[in-house]
Amino acid sequence: MVRRMTNSSPLIWVLTDDRPGNAGQALGVAEALAKPFIQKDIRYSSLGKLPNIVRGSTLIGVTDESVAGLTAPWPDLVIAAGRRTAPVARWIKKVSGQPVHLVQIMNPGSMGAEDFSLIAIPRHDCTRPDGDLPNVMRITGAPHRFSQSKFEADAAIWAPRLAALSRPYVALFVGGATRQQPFSAMFAKEVCARVNAMAKSLGGSILLATSRRTGFEAEAMLKATIDAPSHLYLWGQEKESLAENPYGGFLALADAIVVTGDSVSMCSEACANPGSVYIYAPEEMVSDKHARLHRELYERGVAKPFTAAPPLFGHEPFTHARLNVAADLAARIAELMAKHLG
C-alpha cells in the first residue's frame with residue numbers, strides 16, 4: 001500500500017555517512033524543518049569509492065548492515081549530503097513506488113540529477129558554464145546545526161565554566177592541512193600570535209579549539225604561543241579523554257572569532273555568530289575554492305580578512321546578520337512539500 005503524506009506527519013529520512021561534515025549539514029537542515037525525522041546510518045564497502053556514474057541508483061558499495069535499515073514504510077522526504085549518498089537516495093525513490101522528494105546538499109554530479117527535487121550547491125564549490133539546472137539552489141557556505149536555540153543551550157552550559165576568564169572572549173578555531181594545501185606549525189604560530197596580541201590589547205581572553213586535522217606539532221605551537229588568559233581544547237590531546245568539546249560553547253559566547261580558512265564548515269559556523277568574524281587565510285594555505293568562499297563571505301559582510309594591520313591586527317568590531325543556510329534550505333523544502341500536498 002502506498003503511503004500518503006499528511007500535512008502534519010511527513011516521514012523524513014536523513015542519510016548520514018562516515019563524513020562528519022556531510023552528516024552535520026544534512027542533520028542541520030532536518031533540524032531546521034522542526035519536524036520529526038529518522039536518521040539512517042550509511043556505511044560503505046570498498047565499492048563505495050566507485051564513481052556515481054557506475055553506482056547509478058543502486059546500493060552498490062553500501063554495507064549489508066546499512067541496506068538492512070532501508071525498508072518500508074518509505075519516506076516522503078530524503079535529505080542527504082555529499083556525492084556518495086546520492087545513489088542511495090535515488091535507489092530509495094526508485095524502489096518506493098511513491099513520490100519521494102530528494103534533497104541533496106553539494107553537487108551529486110550530473111548522473112540522475114533530474115531525480116532530485118532540490119540540489120543545494122555552494123556558490124564557491126563549482127560553476128557551470130551553461131548555467132544551473134532548474135532544481136539547483138545556490139547557497140553561501142555550508143548548512144550547519146548552530147541555530148539560535150542551539151546557541152542559547154550551549155551558552156547556558158559553558159558560560160558558568162568560563163566565567164573566571166575576562167571578557168571580551170576572542171575565539172580561535174583552527175583547522176589544519178587539507179589534501180591540496182598544507183597547514184604548518186608556522187601558520188599556527190602566526191595566527192595564534194596575532195590572536196594573543198589582540199586578546200591582551202583588549203584585556204580579554206582566548207577560547208581556542210582545534211580539530212582532527214590540526215596535528216600535534218601545530219597544537220604544540222599554539223599552546224606555546226599563548227600567554228593571555230585562555231581556555232584551550234586541543235583535539236589531538238583530548239580525543240582519547242573524557243574532556244567535553246567546548247566548540248559549541250565557544251562559538252555561542254565569543255565576542256570575536258578568528259577562524260582558519262581551510263574549512264568551509266568552520267567558516268560557515270563562525271558566521272552564525274553575529275559578532276566580529278575574521279578569517280585567517282594566507283594565499284599559500286588555502287585552495288582557490290576556499291578563497292572563493294572567503295570573498296563571498298566578505299562581500300556579504302559577515303566576515304573580514306584577518307590581517308596584520310594595526311591597530312589590534314585589523315580588529316574593528318562589527319556585527320552582521322547570522323549566516324544560517326540550513327534555515328534557508330528548510331524554507332525552500334517546506335515550499336516544495338506544500339506544493340506536493342496541494
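Read-outs throughout are calculated quantities, based only on the coordinates presented, and are distinct from any laboratory measurement. Note that the structure is a prediction, hence the values are computed from the model and not measured. As a convention, Cβ positions derive from the backbone with ideal geometry for all residues, glycine included, and neighbour counts pool all protein chains shown.
Can you give me the convex hull volume of the Cα atoms of the stretch 62-108, divided per residue and expressed in Å³?
68 Å³
Tell me, what ³J(HN,Hα) does each residue in the stretch 39-47 have, in order and in whole Hz, if you take phi through Karplus 6.51 cos²θ - 1.76 cosθ + 1.60 with θ = phi - 60° and put x for Gly and Pro?
Ordered by residue, 3J(HN,Hα) equals 8, 10, 7, 10, 10, 10, 8, 4, 6 Hz.
So what is the diffusion coefficient of the stretch 70-144 in µm² per second by Stokes-Einstein at 4 °C and 1.567 mPa s, using a Kirkwood Rh over Cα pairs?
Details: Rh = 12.8 Å.
It comes out at roughly 101 µm²/s.
Could you give the nm distance between label points at I38 and T71, where each point is 7 Å from its Cα heading toward the beta carbon?
Placing both labels 7 Å along Cα→Cβ, they lie 1.0 nm apart.
Tell me, what ³J(HN,Hα) does each residue in the stretch 50-58 have, in order and in whole Hz, if you take phi through Karplus 6.51 cos²θ - 1.76 cosθ + 1.60 with θ = phi - 60° and put x for Gly and Pro?
Calculated HN-Hα couplings, in order: 4, x, 5, 5, 8, 6, x, 10, 10 Hz.
Between L336 and S184, what is the spin-label point distance in nm, taking each point 7 Å from the Cα along the Cα→C-beta axis?
With each label placed 7 Å out from Cα toward Cβ, I get 4.5 nm.
Go ahead and collect, in residue order, the members of the stretch 217-239 whose backbone nitrogen is under 20 Å from a label point 7 Å along the Cα-Cβ direction of R161.
Answer for the stretch 217-239: 223, 229-239.
Can you pull the Kirkwood radius for the stretch 148-314, inverse mean 1/r over Cα pairs, to one decimal in Å?
15.8 Å
Pick from A164, A32, A281: which residue has the top mean-square fluctuation in a GNM of the chain where Cα pairs under 10 Å get a spring?
Greatest mean-square fluctuation among the candidates belongs to A164.
If you split all Cα-Cα distances of the stretch 4-117 into 5 Å bins from zero, what percentages do you get per bin, shortest first?
Histogram of Cα-Cα distances, whole percents per bin: 2, 12, 25, 26, 22, 9, 3, 1, 0.
I want to check the label-to-label distance for A220 and K200. Put each point 7 Å from Cα in the C-beta direction and report it in nm to one decimal.
Here the answer is 2.3 nm between the modelled labels.
Could you tell me what % of all Cα pairs in the chain have separations over 25 Å?
Value for the chain (Cα pairs over 25 Å): 55 percent.
Residue farthest toward the positive end of the dipole of the chain, with Cβ of Lys/Arg at +1 and Asp/Glu at -1: which of I92, G61, A23?
It is I92.
Under 10 Å, Cα contacts only: if you run a Gaussian network model on the chain, which one of V62, V264, V14 comes out with the highest mean-square fluctuation?
V62
Given Cα pairs under 8 Å that are at least 6 residues apart, what percent is the relative contact order of the stretch 167-212?
Numbers: 49 pairs, mean separation 30.1, N = 46.
Once divided by the residue count of the stretch 167-212, the mean separation gives 65 percent.
Pick out which of P99, P122, P108 has the largest mean-square fluctuation in a Gaussian network model of the chain, springs linking Cα atoms closer than 10 Å.
It is P99.
Whole Å is fine, so just give me how far the alpha carbon centre of the stretch 258-286 lies from that of the stretch 23-59.
26 Å
Would you mind checking which residues have amide H under 5 Å from A81's amide H? H placed 1.01 Å from N; only 5 or more apart, or other chain.
Amide H neighbours of A81, under 5 Å, 5+ apart: I105.
Can you tell me the dipole magnitude for the chain around its Cα centre, using point charges on the Cβ only (Lys, Arg +1; Asp, Glu -1), in Debye to the nearest 20?
620 debye
So who's got an amide H within less than 5 Å of the one on Q39, skipping anything under 5 residues away but keeping other chains? H placed 1.01 Å off N, in plane.
Distant-sequence amide H within range of Q39: V14.
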